[in-house]
Each structure stands twice: as C-alpha cells, then as structure tokens.
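**Student:** Next up is a structure, given as structure tokens.
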C-alpha cells in the first residue's frame, strides 16, 4: 500500500533520495508561478503608477498658464518616518471653466524623507505669480508644474524582470519535464550534450564520462611528446592578489574616513577601533601575497613531459622532469596518485571532499651538500597499474589521476605541484577492432 | 488491492559483464489487476553513490506508451538487449562509487509509479582503499558478486 501513497517528505536511503516526483514538480511549479505573478503584478503597478503617467504627462498633457494661490508640503507618515512632497494650489481656466486644483511638482509625485530638499523645491515658487503648468485633458484637475523623463521611472521597470525571468524559465522547465522520469530527463540532457560534442569534435565521445585528453595533448613537449598542464595554474597567487587588493581598498576607505573625522575635530573612535583589526588582517594578506610571490619566483618553473597520452591500465610511459629556479633544489619527489573527489551540499554551501586511493613514488632524488643545483633535469618511467580505475568525471563526482612533483628548495622550504593525467579504460584501437 | 511488482531477469542470471558485452534479459509487470499501467520505461544506467550528490546517466532507454500504442499489453513479458559501453566501469571507491543497473519504471494512472531494479557489474575492478602517505598501494582483486535478485 505504501507504494501507492504519495510521499510528502524526502527520505535518504543510503546515498539515494526517495520521495514524490509529482509533489516536487508541483512545488517547483507553484514557486515559479508565484514568482511570475509577483513579477507581473509589480510590472503592472509600475506601469500604471509611474511609466504610463509619465509618458502621458510628456505627450498628452496641455500647456497652460496658471496663478499660484497657495503652496504646502504634503506629509505622508511611514514606518521609517514622515515622507514629503510639495503641493501647489493653482488657478487657471479651460474653455471658460475655472479650475483650482492642488498641483503636483511632477507626475511621479515621489515623496522623500529629505524635508529640506522638498522645502527648497517649494521655495522656488512664489505665491501670487504666474507659472507654466500642464494639465491632463481627460482630467483637468490633474496638473503638474514640471515635465520630463526621470531615470527612476524607467529603472523601476527592471525590478520585476528577475521575477518574470525566474517564473517563465522555471515554468518552461517544469512544463518540459512534467511527468517525465529522471531517466528520461537524463536521456534528453545526454542527447543535447552528445550533439554539442559531435558539433565540436565531429564524433561522439568514445568513452562516456571519461574526460577528453584535449587539455593535455594540446601542448606538445620539447623532449617528449606532451607537456602536462599544472592543475594550480598560479591561481593561489592571483587569488591572494585580488583578495589583498579588494580587502585593503575597503580598509583604506575606512581608514581615510577615520582620519578625516579626526582632522575635522570630530573623531569617530568606534570606527577607528573597528577598523584596526581589519587593517591588521589587510597587512597580513599583503605579506602573505608577497611571500607567495617570492616563493613562486624562487621555486621557479616545473616542467613535466610524457611520452604518450592518454594513459592505459598496465601501460609504461617515459617521463621528463625539469625543475629550474633561483634557489637550489635539495630534494625532488614525483608521486603518481589517484584521487576521488565528491561535491555535495551542506546547507547552502557546496563542499568538496577528496580522498587519495592510490599513491606510488615514481622518483625521489636527495641532493647532498655540494650537489644541489638550481636546475634539475631527470627522466623516469611511469607505470599505470593493470587494475587501475580509469579517469572519471560527472557533475558532482570525479576520479582523477595526477603526477605530484614536490620537494624542498634551499631557503624557501617545501613545495608541491600537480599535473593532470587521463587514464582511459582501454586503447581506442581496441574499440575499432 | 494488489500492489504489483516488476520482475527483471538477466539472461543466464549473469551479474558481471565486460565492456562491449551484450546485456540482454526480460522484464514483466506482475500482479497489477486493478490498476492499468499507462507506460513502461526500461533503462540501462549508471549512477554514483557515496559522499557526493548522485549523478546518473542512461546508456540504453526504451519507453512503451499505452496511449501511443493502443494495442500494446504492458503486462506481457518484454525482452531487451543492449551492447554495454567501455566506460564508466563499476567502481567501489572510498567516497565515490559507480553502480550499474537495469531499471524498469511503470507509470500507473493518477501519477503513481512502480520501480524495479537489478544491479550488475561492468568490468572487474578491485575495490579502492585509502592510500597511506608514502606507501605504494596496489589494488586488491575483488571477487565477482554473488548472483541474486535485485528489485
């Protein structure tokens, strides 16, 4: 019986989640429909209250000369305090009929908390004098003293766009997948990806879920066939630079505000107290960046070349390692590793866990005193175990083979660099056979 | 009211296949006397298990729709066969596991579904273990899994 009941909650069975697809789809559909409704209601209100009146005021309203009889500040209470906008009592005649409406300054009639600004606007007009105004031919009591297009009115049109976009895209997605199983959706997604792959490379991938070797074979070597790309690509130095610049720019603005307050004779001690730990953190980041930059420069370039790529279980390959830098190399070690990588959600964060499931020392060279050199070139043989798992990549899970070159550099200490390898399940020639 | 079930049989009761082998078998929707199936989907697929979010990809898919083919009887046994791909191989890792299975999903009136599944192994990789730093580890050969039911 339980099989026929709709499950109202998701239940985790081992690594698999169960629950009602129908309810999940309905929930998504309701959420998207709500977003779309909010977007359209907001758009309608903005059009009716702001955009259309402004367009009409500029296109349809009729110019007239009116006598200013009185003026006042309109006050509107809100939760954040009162808001103000000016009002002008005008007197003018249209086709022999006299009108005495309270006119707005402009059609948007925007109320603000800035009372002095609104009072200054009010003071620009003198009672008893004549001014040009524009009235609505459909409703002559609706009058403004100023026309023109405001950026605010048109910018407000952007506000509902994300709601409408999320609503339409979400409903389109729900409609497309309505009543479709996870397998059928997967088939459709795979087919789209396969077509894209065929368009790009002219053929379907021979090994599904195995990364393409293109990122490695794109770079030919000078000693052996291919030069392996590093996994890090210097992102740690670049990341530290960006973080250091952004952090210290914010700190500099806050420090400037604190100093400016002190110079004016009204020092903000609380601000100064709050800025101090951030300034220390900023200085720490700058030191870390300089240290990392010096370390990277000192360690120098690590070149790893390989005789063949992709690799296959049971295969033997030749390696060439070239380590050069400003400081001498005391120890160099090359490891072949295989790592599993799993990405999962924890609350709102996406986390990645890594476990090393294979590690083999390919090469280790200790340099004794007097032997240490700033450039070290070595050759080694690499063997992939016969029962090795091939490289694997899906959206949230990965199995990667890497060469890790690490060691110790004089005066700089330990270093480690990773180079990506792709292990295929079997040779492409086997498939052809 | 009878719940119904899905019976899937792999030819020769095999559970281990090598890349490029043909996987074939038969499936049947059983004991659904009062509820009419509207469609049946058969998938040969792999999915991941472990610490990460589940990924899934379908290697072979067929759908029989009673609405599209009025004469079809979804309760009768149906055969299937598919040549298996060269990857990904079944893998028993530490935080990433790759499982292969044949899954049959029966759609019933009112949006209800019945699912039957039978696992199989593609390739014969040994299970992985955590590597200890500085120690070369060679994987251990894994015995083939016991044949058995898999709904």
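Every number here is computed from the coordinates shown, using simple stated rules; none is lab data. Here the structure is a predicted model, which means the values were calculated and not measured. Cβ atoms come from the backbone with ideal geometry, glycine included; neighbour counts cover every protein chain shown.
**Student:** When only alpha-carbon atoms count, how far does chain A stretch along each of its three principal axes, as whole angstroms with the largest first?
**Tutor:** Projected onto its principal axes, the Cα set of chain A covers 104, 73, 45 Å.
**Student:** Another question about this same structure. At residue A:78 and residue A:263, where each label point lies 7 Å from the Cα along Cα→Cβ, what is the point-to-point distance in nanometres?
**Tutor:** It works out to 3.5 nm between the two label points.
**Student:** Describe numerically, in nm with one decimal, the distance between label points set 7 Å from Cα along Cα→Cβ at residue B:124 and at residue A:45.
**Tutor:** The modelled label-to-label distance comes out at 7.0 nm.
**Student:** Using only the Cα atoms of the range B:41-128, construct the convex hull and provide its projected area averaged over every direction, in square nanometres to one decimal. Each step should come with its number before you reach the end.
**Tutor:** Numbers: hull surface 28.5 nm².
That works out to 7.1 nm², a quarter of the Cα hull's surface.
**Student:** Tell me the mean residue ellipticity at 222 nm calculated for chain A from its helices only (DSSP H runs of n ≥ 4, each -39500 (n - 2.57), averaged over every residue, nearest 500).
**Tutor:** -11500 deg cm²/dmol
**Student:** If the label point is 7 Å along Cα→Cβ of residue A:278, which residues in the range A:246-266 have backbone nitrogen under 13 Å from it?
**Tutor:** So the set is A:246-259.
**Student:** If r is the Cβ-Cβ distance from residue A:91 to residue A:290 and R0 is 60 Å, what FRET efficiency results, to the nearest 0.05?
**Tutor:** 0.20
**Student:** Give the percent of DSSP beta bridges with both residues in the range A:79-154 that are antiparallel, rounded to the nearest 5.
**Tutor:** Numbers: 10 of 11 bridges.
Antiparallel: roughly 90 percent of the beta bridges in the range A:79-154.
**Student:** With Rg and the Kirkwood Rh both taken from Cα atoms, where does Rg over Rh land for the range A:294-433?
**Tutor:** When Rh is taken as the Kirkwood radius, the ratio is 1.05.
**Student:** Taking R0 as 25 Å, what's the FRET efficiency between residue A:345 and residue A:161 from their Cβ-Cβ distance, rounded to 0.05?
**Tutor:** 0.35
**Student:** Contact order normalised by length for chain A, with contacts defined as Cα pairs under 8 Å and 6 or more residues apart; what percent is it? Let's see the in-between values first.
**Tutor:** Details: 703 pairs, mean separation 54.3, N = 433.
Dividing the mean separation by the residue count of chain A yields 13 percent.
**Student:** Calculate the FRET efficiency for residue A:271 and residue A:236 from the Cβ-Cβ distance with a Förster distance of 35 Å, rounded to the nearest 0.05.
**Tutor:** It comes to 0.60.
**Student:** Sort the range A:173-291 into rounded, prolate or oblate with this rule: let a ≥ b ≥ c be the square roots of the eigenvalues of the Cα gyration tensor; rounded if a/c is under 1.5, and if a/c is not under 1.5, prolate when a/b is larger than b/c, oblate otherwise. All intermediate terms of the calculation are to be shown ahead of the outcome.
**Tutor:** Values: a/c = 5.14, a/b = 1.92, b/c = 2.68.
Oblate shape, in that a/c is at least 1.5 and b/c is the bigger or equal ratio.
**Student:** Spin-label point model (7 Å from Cα, Cβ direction): what's the residue A:24 to residue B:62 distance in nm?
**Tutor:** Each label point is offset 7 Å from its Cα along the Cβ direction, giving 2.7 nm.
**Student:** Work out how much length residue A:193 to residue A:56 would gain on full extension: take 0.36 nm times their residue separation and subtract the Cα-Cα distance, in nm to one decimal.
**Tutor:** 44.3 nm
**Student:** Now a separate question. From other protein chains only, count the Cβ atoms within 10 Å of every residue's Cβ in B:124-131, then give the mean.
**Tutor:** Mean shielding by partner chains, rounded to a whole number: 5.
**Student:** Please give the Cα centre distance for the range B:28-67 versus the range A:93-107, rounded to the nearest Å.
**Tutor:** 72 Å
**Student:** Using only the Cα atoms of the range A:284-371, build the gyration tensor, take square roots of its eigenvalues as a ≥ b ≥ c, and label the shape rounded, prolate or oblate: rounded if a/c is under 1.5, else prolate if a/b is larger than b/c, else oblate.
**Tutor:** Note, shape of the range A:284-371 comes out oblate.
**Student:** Remind me, relative contact order of the range A:287-433 in percent, using alpha carbon pairs under 8 angstrom and six or more residues apart?
**Tutor:** So the answer I get is 31 percent.
**Student:** Moving on. Rounded to the nearest whole Å³, what is the per residue volume of the convex hull around the Cα atoms of the range A:70-137?
**Tutor:** 94 Å³
**Student:** Output the 0 to 90 degree angle, nearest 10, between the alpha-carbon long axis of helix A:235-263 and the longest principal axis computed from the alpha carbons of chain A.
**Tutor:** 40 degrees
**Student:** Here's something else I'd like to know. Among the DSSP beta bridges whose two residues both lie in the protein assembly as shown, what percent are antiparallel, rounded to the nearest 5?
**Tutor:** Around 95 percent of the beta bridges assigned by DSSP in the protein assembly as shown are antiparallel ones.
**Student:** Using Cα atoms only, what is the angle between the long axis of helix A:269-299 and the major principal axis of chain A, expressed in degrees (0 to 90) to the nearest 10?
**Tutor:** 30 degrees
**Student:** Can you give me the Cα centroid spacing of the range A:115-181 and the range B:95-134 in angstrom?
**Tutor:** Measuring centre to centre over Cα atoms gives 56 Å.
**Student:** Please compute the average number of Cβ atoms from other chains found within 10 Å of each residue's Cβ in peptide B:81-92.
**Tutor:** 5
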